[in-house]
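The values are calculated or read from the model by the stated rules, or taken from the named source; none is laboratory data. Treat the numbers as computed from the prediction; the structure is a model and nothing was measured. Cβ atoms come from the backbone with ideal geometry, glycine included; neighbour counts cover every protein chain shown.
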Amino acid sequence: MKTFKTLQWIGDINGCLELTDQRKLPVEFITLRCETIEQLFDAIKTLAVRGAPAIGVAAAFGVCLAAQKIDNLEISDAVKYIKDKAEYLSKSRPTAVNLFWALDRMKKAAEDFARKNSNTEVDDLKKHLLNEAHKIYDEDVEMCRRIGINGSELISDGFAVLTHCNAGALATAGDGTALAPMFEASRQGKKFKVYADETRPLLQGARLTAWELQQAGIDVTLICDNMAGALMKDGKINAIIVGADRIAANGDTANKIGTYSLSVLAKSHKVPFYIAAPSSTFDLQIQSGNEIPIEQRLADEVSNFMNLRTAPRGIKVYNPAFDVTPAENITAIITEKGIIKCPTKEKIKKLINS
C-alpha cells in the first residue's frame, strides 16, 4: 500500500536523514533533509515528522547525525558526547515513549561497543551506530506488518471502522499501527469503509489519514471530530482503531487528544475500541496513565488556522496534545506479538515478556 518513505537514511556514516515533511501534506508532497541533530530536533518539535514509532526511528538516526562530530575524540569521550546529544534530542517531545526507547537503545549500543572495543577507531563506532539505527528501522517495518496481520482479523466485510489522528505509514517506517490492519484487510480483498476524524487542532486525520487511505484506494469518509458520537448512535460504526504514544503497565493509553472521548462514546454504544501499538510503546515503568507526561503545545495551534486568526486576540487557550484512555475502556490492544483482550497489568507483562 505504501508508495513513499516517511523517513530514510541517505548515504553512509556521513550521510543525512530525509523525511517526508508532514506539515505540507496534503497540498504538497516534499522531503526535508536533516543534516544536523538540531535540524532533526526542530523537525520533531514542529511535527515535520510525527507519530510515536516514526519519532523513535528518526531519533535513532539522529544519534548517527550526532556521531558525525566525534572524529577527533577518544572512544570514551565520543560515547559521552553521544549520550549528551541523545539527552538533548529527548527534550523534543515528552509523551511518545518510542523516542526515549530508541535513544536508550542507541546509547546502550554505543556503551557496549566502546566497552568491548576500547582501542578501536571512532569510525567503527559510527558504523556500529548506523547499523543499529537501520536495525530499528527494519524492526519497525516488520512490527507494522505483524500488527496489520493480527488486527485484520478484527475487520469483516461490510464493516465501518472509525479512526482518529494519524497512525498510518506517515507515523512509522512501515504501514503504520492503527491503519496497518486496514491496509492488510484491503489486501485480503475485504470490502469495508473508514471514517476518519479530522482531529483538531492540527487536522492530522484530514490532512494525513484521509490522504493515506485515499492513496491506498480504501473507501474513506472524512468527518468532524464532534460527529463521531452521532455515527455510533445511528449504528454506523462497527469498530474503532486508534494508535498510541505511550501505554502504561496497567493498559492506560496516551494518544492524540480526543481519543478518551471516543472511548467513552464507544463504551456507551457498545462499539469495540481497539488500540494498535508495538511492544516498544509500552512503558512498564509507569504504573498507570496518571504518570504519563502530557505535552502542552502552543496556543496559536488553536487560535489560528492556516495563518488566519480564528479566535479573539489575547484569549486563553488550553492545548494538550494528548489525553489518556483508561484500560477499562479498551476492548483490546493489537501488538506485533498478538492481541491483548481486556488488557490488564498481568496480561500485558506476559505478552511483552514473551
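Here PRO94 fulfils each of the conditions (1) under 25 Å from the mean Cα position of the chain (by Cα); (2) in a helix (DSSP H, G or I); (3) surrounded by fewer than 21 Cβ atoms within 10 Å (Cβ to Cβ); (4) not hydroxyl-bearing (Ser, Thr, Tyr) apart from (2). Return the only residue of ALA178, ALA167 being closer than 18 Å to ASN238 by Cβ, of a type in the set (Gly, Ala, Ser), surrounded by 24 or more Cβ atoms within 10 Å (Cβ to Cβ) and touching a strand residue (DSSP E or B) at 6+ places or on another chain (Cβ under 8 Å). Going through ALA178, ALA167 in turn, the sole match is ALA178.
Looking only at segment 112-143, residues that are part of a helix (DSSP H, G or I) and among the small types (Gly, Ala, Ser) come to 2 in all.
Evaluate the following for PHE305: is it farther than 30 Å from LEU154 by Cα and either at pLDDT below 95 or in contact with a strand residue (DSSP E or B) (Cβ under 8 Å, 6 or more places away or on another chain) (or both)?
Details: farther than 30 Å from LEU154 by Cα: yes; either at pLDDT below 95 or in contact with a strand residue (DSSP E or B) (Cβ under 8 Å, 6 or more places away or on another chain) (or both): yes.
For PHE305, the condition - farther than 30 Å from LEU154 by Cα and either at pLDDT below 95 or in contact with a strand residue (DSSP E or B) (Cβ under 8 Å, 6 or more places away or on another chain) (or both) - is met.
In segment 65-79, how many residues are closer than 29 Å to SER279 by Cβ and either touching an Asp or Glu at 6+ places or on another chain (Cβ under 9 Å) or assigned to a loop (DSSP other than H, G, I, E, B) (or both)? Spell out the reasoning first.
The initial filter retains those residues of segment 65-79 that are closer than 29 Å to SER279 by Cβ, namely 65-67, 79.
Restricting the remaining residues to those that are either touching an Asp or Glu at 6+ places or on another chain (Cβ under 9 Å) or assigned to a loop (DSSP other than H, G, I, E, B) (or both) gives 65-66, 79.
So the count comes out to 3.
Would you mind stating whether ALA173 is closer than 30 Å to TYR81 by Cα, part of a helix (DSSP H, G or I) and of a type in the set (Gly, Ala, Ser)? Answer is no for this residue.
Quick grid of which residues meet (1) among the charged types (D, E, K, R); (2) surrounded by 14 or more Cβ atoms within 10 Å (Cβ to Cβ); (3) in contact with a Cys (Cβ under 9 Å, 6 or more places away or on another chain):
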{"residue": "THR253", "(1), (2), (3)": "no, yes, no"}
{"residue": "GLY258", "(1), (2), (3)": "no, yes, yes"}
{"residue": "ALA276", "(1), (2), (3)": "no, yes, no"}
{"residue": "GLU291", "(1), (2), (3)": "yes, yes, no"}
{"residue": "SER303", "(1), (2), (3)": "no, yes, no"}
{"residue": "LEU308", "(1), (2), (3)": "no, no, no"}
{"residue": "VAL324", "(1), (2), (3)": "no, yes, no"}
{"residue": "GLU328", "(1), (2), (3)": "yes, no, yes"}
{"residue": "CYS342", "(1), (2), (3)": "no, no, no"}
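Of the numbered conditions (1) surrounded by fewer than 24 Cβ atoms within 10 Å (Cβ to Cβ); (2) under 21 Å from the mean Cα position of the chain (by Cα); (3) outside the structural domain of THR209 (by TED's automatic domain parsing), TYR195 satisfies every one except a single condition; which is it? All conditions are met except number (3). Among residues of segment 320-331 that are within 16 Å of ALA239 (Cα to Cα) and modelled with pLDDT of 95 or more, those with a Cβ under 8 angstrom from a residue that is among the basic types (Lys, Arg) and surrounded by fewer than 19 Cβ atoms within 10 Å (Cβ to Cβ), sequence gap 6+ or separate chain, pair up as ASN329/LYS267; THR331/LYS341. So, in segment 343-354, exactly how many residues are touching a Gly at 6+ places or on another chain (Cβ under 9 Å) and under 20 Å from ILE286 (Cβ atoms)? Of the residues in segment 343-354, 6 are touching a Gly at 6+ places or on another chain (Cβ under 9 Å) and under 20 Å from ILE286 (Cβ atoms).
When the residues of segment 1-55 are filtered to those that are of a type in the set (Ser, Thr, Tyr), farther than 19 Å from MET143 by Cβ and part of a loop (DSSP other than H, G, I, E, B), the one that is farthest from the chain's Cα centre (by Cα) is THR36.
Considering only residues of segment 111-158 that are among the β-branched types (Val, Ile, Thr) and more than 20 Å from ALA169 (Cα to Cα), which is surrounded by the fewest Cβ atoms within 10 Å (Cβ to Cβ)? Show your work before the answer.
From segment 111-158, those among the β-branched types (Val, Ile, Thr) are 120, 122, 136, 141, 147, 149, 155; that's our starting set.
Then keep just the ones that are more than 20 Å from ALA169 (Cα to Cα); that gives 120, 122.
Details: THR120: 13, VAL122: 19.
Only one residue fits best here, namely THR120.
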